[in-house]
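Taken together, the values in this text are just the output of simple stated rules run on the coordinates, not laboratory data. Nothing here was measured: the structure is a model prediction, and the numbers come from that model. In this analysis, Cβ positions are derived from the backbone assuming ideal geometry, glycine residues included, and neighbour counts consider all displayed protein chains.
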Amino acid sequence: MKPAVEMLQVRDGLTLVQAVKASGITDASTGGAAKTYIREGMVLVNNAVETRPGRKLQPGDRFQVPGGKPWMVIA
């Protein structure tokens, strides 16, 4: 059985766009496509819409697309 929350280990300075690309939660396979996806309000961080691709994620932050499985950033 898969966990309810997928995990993504944080690197120093991990941004939301890097996390979205690494997790594969969207069909955005390039950084530019991931940025557009985020800027259009299609990604939630800690259950709130986030439109800043450069937002720094910290351990404990959760991100997901609406209706998708959440991902948690771990140290």
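Dividing the helix sum by the residues of the chain, where each DSSP H run of 4 or more adds -39500 (n - 2.57), gives a mean residue ellipticity at 222 nm of -6000 deg cm²/dmol.
Between rounded, prolate and oblate, where does the range 6-74 land on the alpha carbon gyration tensor, with a ≥ b ≥ c its root eigenvalues, rounded for a/c under 1.5, else prolate if a/b exceeds b/c? Rounded shape, in that the Cα axes give a/c under 1.5. Under the criterion of Cα pairs below 8 Å and six or more residues apart, the relative contact order for the chain equals 39 percent. Restricting attention to the chain, close to 65% of DSSP beta bridges with both partner residues there are antiparallel. Here the range 1-41 was treated as a single set of alpha-carbon atoms; its pair distances binned every 10 Å from 0 give 27, 49, 23, 1 percent. Placing a pseudo-label 7 Å from each Cα along the Cα-to-Cβ vector at ALA48 and ASP12 gives an inter-label distance of 2.8 nm. Annotation for the chain: GluC sites (Glu not before Pro) lying in DSSP loop with at most 14 further Cβ atoms inside 10 Å of their Cβ are GLU40.
Fewest neighbouring Cβ atoms within 10 Å first, the residues ASP27, ASP12, ASP61 line up as ASP12, ASP27, ASP61.
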